[in-house]
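For reference, the structure is listed below as structure tokens.
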Amino acid sequence: MKKLLSLSLLLVISVLVSAAPARPRPEIMGISLDMKRAEALVRLKSIGTLEREARKGQEVWAVKDTRISHLLVGYDADNRVRYVTALARTDGPRISYQEVADLKAAQRSDTPGNHKFTWEIEERRGHSAFILIARGHDAQYLDSYSVKKKDQEEID
């Protein structure tokens, strides 16, 4: 009886945790805002391959992930990560907006065929303020999501 009660409690806790909306984080796949470029490169090389360096200190990385095909990483003048964008795979398991963060806390902008959710996160526990943006053509599943420092210009 005691064992059954313990298992039941564990099941209830696991269901509640998995049902809880994701909390916005200032990182994607281990690439954090303000991370030094050298540290970011170590992580990026372990999960993918550099495809190209673009303008304004941006790099495009093909990553080995079932749900994300590419990461776009931008650096500031001090060689620190200023934004990270993840591009969802079109041929893999889909990522719902709800997996990124709680939709109830988002600013939402919808036009036919375009959905955008934005979360502005204030500074907390040693992390600078940042913005998380999720976009997609589908009302439930995203095409991309980004984190950027709050004081940065719009992501290209």
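Using only protein heavy atoms and a 1.4 Å probe, report how much of Ser109 is accessible, in Å² to the nearest 10.
Ignoring ligands and nucleic acids, Ser109 comes out at about 60 Å².
Using the per-residue mean of other Cβ atoms lying within 10 Å as a proxy for protection, in what order, highest first, do the peptides 72-81, 45-54 fall?
72-81, 45-54
I'd like to check one number: the per residue accessible area of the stretch 72-117, probe 1.4 Å, reported in Å² as a whole number.
On a per-residue basis, 54 Å².
Between Lys36 and Arg125, take the C-beta separation as r, use R0 = 22 Å, and let me know the FRET efficiency to the nearest 0.05.
So the FRET efficiency works out to roughly 0.65.
Can you list the HN-Hα couplings for the stretch 132-149, worked out from phi with the Karplus curve (6.51, -1.76, 1.60; θ = phi - 60°), rounded to whole Hz and with x for Gly and Pro?
Along the stretch 132-149, the couplings run 10, 10, 10, 10, x, 8, 8, 6, 10, 10, 8, 9, 7, 8, 9, 10, 8, 4 Hz.
To the nearest 0.05, what FRET efficiency results for Thr90 and Asn114 with a Förster distance of 22 Å applied to their C-beta separation?
My answer for the efficiency is 0.85.
Distance check, please: which entries in Lys36/Lys116; Lys56/Lys116; Lys56/Lys149; Lys36/Lys149; Lys45/Lys150; Lys36/Lys148 exceed 21 angstrom between their Cα atoms?
Working: Lys36/Lys116 29 Å; Lys56/Lys116 24 Å; Lys56/Lys149 16 Å; Lys36/Lys149 14 Å; Lys45/Lys150 27 Å; Lys36/Lys148 15 Å.
Flagged as over cut-off: Lys36/Lys116; Lys56/Lys116; Lys45/Lys150.
Loop only per DSSP, at most 12 neighbouring Cβ atoms within 10 Å: give me the GluC sites (Glu not before Pro) in the stretch 58-156, ordered by residue number.
Glu122, Glu123, Glu153, Glu154
Mind listing P(r) for the stretch 63-156? All alpha-carbon pairs, 5 Å bins, whole percents.
3, 13, 22, 23, 21, 12, 5, 1
The values are calculated or read from the model by the stated rules, or taken from the named source; none is laboratory data. The structure displayed is predicted, hence computed values, not measured ones. Note: ideal-geometry Cβ built from the backbone for every residue, glycine included; neighbour counts use all protein chains shown. Ligands, DNA and RNA are stripped out before the accessible areas are found, and what is left, the full protein with its side chains, is counted by its heavy atoms. Shrake-Rupley method; radii C 1.70, N 1.55, O 1.52, S 1.80 Å.
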